[in-house]
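The block underneath contains the structure these notes are about, expressed in structure tokens.
The values are calculated or read from the model by the stated rules, or taken from the named source; none is laboratory data. Note that the structure is a prediction, hence the values are computed from the model and not measured. Reconstructed Cβ throughout: ideal geometry from the backbone, glycine too, with neighbour counts over all protein chains shown. Calculation scope for accessible area: heavy atoms of the full protein, side chains included, ligands and nucleic acids excluded. Shrake-Rupley method; radii C 1.70, N 1.55, O 1.52, S 1.80 Å.
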Amino acid sequence: MRILFILQIVFTVICPSNAQIVQTVQGSIVDKESKLGIQNVSVRVFNKSVDLGISSDSNGDYKIQNVPVGSYTLQFSAVGYKPYTLSDLRVTSAKEVVQNAELEDATLNLKAVQISYKRKISNEMAVVSVKQFDVQETERYAGSRGDPARMASNFAGVQGADDSRNDIIIRGNSPQGVLWRLEGVDIPNPNHFNIPGTSGGPVSMLNNKMLSNSDFFTGAFPSDYGNSTAGVFDLQMRNGNKNKYEFTTQFGLLGTELGLEGPIQKKKGSSFLVNYRYSTFKIFDAFNIKIGTNSIPAYQDGSFKINFPVNNKTKFSIWGLGGTSKIDLIVNDQTEPPKELYGENDRDQYFQTYMGCIGANLQHSLNAKSYTKISLAVSTANMNANHDKVFRDSNYVVTSLKPILDYTYITKSILLHALYNLKLNSRMVLKAGIINNTYFVSFHDSSRQYPPTLVQWQIRNSYRGNTNLSQAYAQLKYRLSEKMTMIGGLHGQWLSHNHSFALEPRLGIKYIANPFCNFSFGYGLHSQMQVLYQYFAQNPSPSIQPLLNPNMGFTKSHHFVVGNDYQIGNNFTIRSEAYYQYLFNIPIEVKSGSSFSAINQGGNFSRLFPDTLVNKGTGYNYGIELTLSKTFSDGYYFLFSGTVYDSKAKGNDGIYRNTDYNGRFIGNLLAGYNITIRKNNALILGGKVTYAGGQYYSPPDSAASVSVGDLVVIESQRNTLKFDNYFRADLKLGYRINRRRVTHEIALDFVNIFNTKNVLNLTYSPDLAAQGQYPFTKSYQLGFLPIFYYRLDWHN
């Protein structure tokens, strides 16, 4: 608090102005079905002290000028359309607010009950288990670190009880089952330091300053999404400001970045948006500033979007996202065993990753009832690692180094998504499309890790080739009345190299009981291909061997969801959902007595090379979720999300066991308050408490572990033990200063303020084994960590 007070005095002295500072709120309003601009939409921006409005022009554009800085509600209404209200519109002095809207037809009965839709989701075919991802919340919520994935862990049904990674664990499913979609195409894992076969990582490449509000699905999602059994994060990039140049610089613990946006040709409405970030830890290292370790994580990422409106009917854009990361975890220079280490303490590790994706979108409104959109992109994802085993004597002196692991995984992809949307009449909307993802892979993996005496390299992957995942979908939205909507669809997918095929029905029903209450039901059959490198793996051998599991089929899951939304007043909502998921066709090992299930993969820094697999495993998830929320208004917000659930899977031993992701319960409580100071400034306060069930784990097999040199569990007792429950409290303090053309913001995010020791996993220590001690130890998660940033926004 003392730091914030001093900064307030400094900025007050430098910029003593106390005059009211104003800004512009603008955007475009289009018809949901045709994407054509809507004229004469009444746009109103208001709070307790300000109420301003305007009507959209012939192109659907609007501009409200002289809006004082602060927080507002933005409301759109037009004859023949359902009204749309957006809460928590933040207006600052440095950047114009660009807020677009898509309005939905309401021509069935203009005298019927009118519902003012708040935070409308982008995909109109979704009625259950969907939340809108709000970019401002990634900054506002304590502990989110500006990361969309970590922010999503605040939602009901989503587990975020791992401080080292941002894996999205939805309703007890593996994070491997999450689909990342950006600008309409399915993209590779968008995280730094990611491991093949995972969907998360320690640091996200996605920059929240580049994103628009997007959709996050936790089950029974519409038929335009495939190749996922858990959930979908469907992200959209925003367009740059088409009227003036705006700049952002930010210096913080997690990165130093620079952003720029502005017009290319004002008359045509074209714009650009670009952002670059570099690891602050690496900057410290360059200036010889010590941070307590020689293992410096080096990463950088960038993203851009260039928008070219051809005319009122046609829009074209080019976008890109990419990043590199590298870390060397060196232990051979240590003179005593470390108490805690990010990585294994018996080896030097050299690890680097690269991901890049660039694409183009073309959207064309065919007429007043239909539009088409084509998205095409290319991507690459590279991972490379080398490990050297460190041998020591009884005095902990290094005696030798031995290379024990070498792998390189390269996946290059061509990604296509084409869709057609048609409003058949006032009751029915048809949406259909095709998705085609072609993967060109080059996998090499050799190991001689276990046992440590192994001399010959054992090849586990040595494959170069390609495969193709083709998908098609169609869905019909039918409004039986203003209160009842039904959505039915089909999704099909086919994998070329082994001819796996799935045809999946989807169904959603929504009933609006009154202006404050609605009920929903959803069903979907969902399928997902297996991890690519496991299709092309072989039995470990010094020579090339036949592929072990090239013919694995899709894992499949039936999703059933019922839900209720109840709105109290303008900003308070109670949401509840109950769900059941039955998973089948899960790969399990053919060997008798094996409890292995592929559903337990994808949530750590390891790759798995199981024995021969067959699609005969099953599993289930069920649970109840409750969310109580108040959107930001009157200077404060709060959110409670709670889930009670169960997650089980069955291997070849025929026993249903707890999955690795069965925490049993999750609870999150968040709240925040902004205090306005001298009209234009704000003190930002926020807090978060998370309490979740501990992770299940398996008892170790001591003799087998010592023999192999790594952790080996007792197969018949898989996931019968449980770590202590997880608890973490976070606190955020910040201060925002608005001056003419400039906004300063400084904040401190105190992660794990009570320094609670939460268990991460059980590990095997060869050094302890060599000393005749018990070789198994618990590794702990992140302790107290203060994360700071200073951001400066300004415009020309």
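Could you say which residue among 205, 237 is within 19 Å of residue 160 (Cα to Cα), aliphatic (A, V, I, L, M) and at pLDDT 95 or above? Going through 205, 237 in turn, just one is within 19 Å of residue 160 (Cα to Cα), aliphatic (A, V, I, L, M) and at pLDDT 95 or above: 205. If you go through the stretch 387-411 and keep only what is of a type in the set (Asp, Glu) and surrounded by 14 or more Cβ atoms within 10 Å (Cβ to Cβ), you end up with 388, 406.
Among residues belonging to the stretch 686-724 that are of a type in the set (A, V, I, L, M) and at pLDDT 95 or above, point out the one that is farthest from residue 658 (Cα to Cα). Of everything passing the filter in the stretch 686-724, 689 is farthest from residue 658 (Cα to Cα). When the stretch 137-158 is examined, which residues are found to be at pLDDT below 90, open to solvent by 10 Å² or more (accessible area, probe 1.4 Å) and more than 15 Å from residue 206 (Cβ to Cβ)? Those that are at pLDDT below 90, open to solvent by 10 Å² or more (accessible area, probe 1.4 Å) and more than 15 Å from residue 206 (Cβ to Cβ): 140, 141. Output the number of residues of the stretch 203-243 satisfying the condition of being among the basic types (Lys, Arg) and touching a His at 6+ places or on another chain (Cβ under 6 Å). Number satisfying all stated conditions: 0. For the stretch 77-98, residues that are closer than 16 Å to residue 32 by Cβ and assigned to a loop (DSSP other than H, G, I, E, B) total 5. Taking residue 510, is it open to solvent by 10 Å² or more (accessible area, probe 1.4 Å), under 28 Å from residue 654 (Cβ atoms), charged (D, E, K, R) and in a strand (DSSP E or B)? Answer is no for this residue.
For the stretch 440-496, which residues satisfy the criterion of being basic (Lys, Arg), open to solvent by 50 Å² or more (accessible area, probe 1.4 Å) and within 30 Å of residue 506 (Cα to Cα)? Listed by number, the list holds a single entry, 483.
Taking only the stretch 556-574 into account, find how many residues are outside any strand (DSSP E or B) and either buried (at least 17 other Cβ atoms within 10 Å of the Cβ) or touching a His at 6+ places or on another chain (Cβ under 7 Å) (or both).
Residues in the stretch 556-574 being outside any strand (DSSP E or B) and either buried (at least 17 other Cβ atoms within 10 Å of the Cβ) or touching a His at 6+ places or on another chain (Cβ under 7 Å) (or both): 1 in total.
For the stretch 630-647, the set of residues classified as in a strand (DSSP E or B) and either modelled with pLDDT under 90 or within 21 Å of the chain's Cα centre (by Cα) (or both) consists of 631, 632, 633, 639, 640, 641, 642, 643, listed by residue number. Scanning the stretch 604-623 for residues that are within 27 Å of residue 664 (Cβ to Cβ) and out of contact with any strand residue (DSSP E or B) (no Cβ under 7 Å at 6 or more places or on another chain) returns 604, 605, 606, 608.
When you scan the stretch 624-634, how many residues do you find that are touching a residue at least 60 places away in the same chain (Cβ under 8 Å) and either touching a strand residue (DSSP E or B) at 6+ places or on another chain (Cβ under 8 Å) or surrounded by 17 or more Cβ atoms within 10 Å (Cβ to Cβ) (or both)? Selection size over the stretch 624-634: 6. For residue 384, which of the numbered conditions (1) surrounded by 18 or more Cβ atoms within 10 Å (Cβ to Cβ); (2) under 19 Å from residue 410 (Cβ atoms) fails to hold? Here residue 384 clears every test but (1). Of all residues in the stretch 756-771, those that are more than 12 Å from residue 337 (Cα to Cα) and touching a residue at least 40 places away in the same chain (Cβ under 8 Å) have Cβ atoms under 8 Å from Cβ atoms of residues that are assigned to a helix (DSSP H, G or I) and open to solvent by less than 30 Å² (accessible area, probe 1.4 Å), 6 or more apart or on another chain, in 764/705; 769/705.
Taking the stretch 344-356 as the range and being out of contact with any Pro (no Cβ under 7 Å at 6 or more places or on another chain) and in contact (Cβ under 8 Å) with a residue 40 or more places away in the chain as the test, the residues that pass are 344, 347, 348, 351, 353.
Per-residue answers, yes or no, for (1) part of a loop (DSSP other than H, G, I, E, B); (2) out of contact with any Pro (no Cβ under 7 Å at 6 or more places or on another chain):
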| residue | (1), (2) |
| --- | --- |
| 460 | no, no |
| 471 | no, yes |
| 502 | no, yes |
| 505 | no, yes |
| 527 | no, yes |
| 530 | yes, no |
| 534 | no, yes |
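Scanning the stretch 161-181 for residues that are more than 24 Å from residue 409 (Cβ to Cβ), out of contact with any helix residue (DSSP H, G or I) (no Cβ under 6 Å at 6 or more places or on another chain), of a type in the set (A, V, I, L, M) and modelled with pLDDT of 95 or more turns up at least one hit. You will find that of 397, 441, the residue that is within 16 Å of residue 347 (Cα to Cα) and among the β-branched types (Val, Ile, Thr) is 397 and no other.
Restricting attention to the stretch 275-312, and to residues there that are modelled with pLDDT of 80 or more, more than 19 Å from residue 183 (Cα to Cα) and small (Gly, Ala, Ser), which single residue is least open to solvent (accessible area, probe 1.4 Å)? Checked the stretch 275-312; the qualifying residue least open to solvent (accessible area, probe 1.4 Å) is 279. Identify all residues within the stretch 740-755 that are surrounded by fewer than 20 Cβ atoms within 10 Å (Cβ to Cβ) and either assigned to a loop (DSSP other than H, G, I, E, B) or basic (Lys, Arg) (or both); write none if there are none. Listed by number, the residues that qualify are 740, 741, 753, 754, 755. Does residue 662 satisfy the condition of being over 22 Å from the mean Cα position of the chain (by Cα), over 30 Å from residue 741 (Cβ atoms) and assigned to a loop (DSSP other than H, G, I, E, B)? No, not satisfied.
For first residues located in the stretch 149-174 and over 18 Å from residue 555 (Cβ atoms), partners that are in a helix (DSSP H, G or I) and of a type in the set (Val, Ile, Thr) and lie 6+ apart or on another chain with Cβ distances below 7 Å form the pairs 151/138. Listed by position, the strands (runs of 3 or more DSSP E) enclosed by the stretch 196-292 that each have at least 1 residues that are without any contact (Cβ under 8 Å) to a residue 40 or more places away in the chain and not acidic (Asp, Glu) are 255-265, 270-278.
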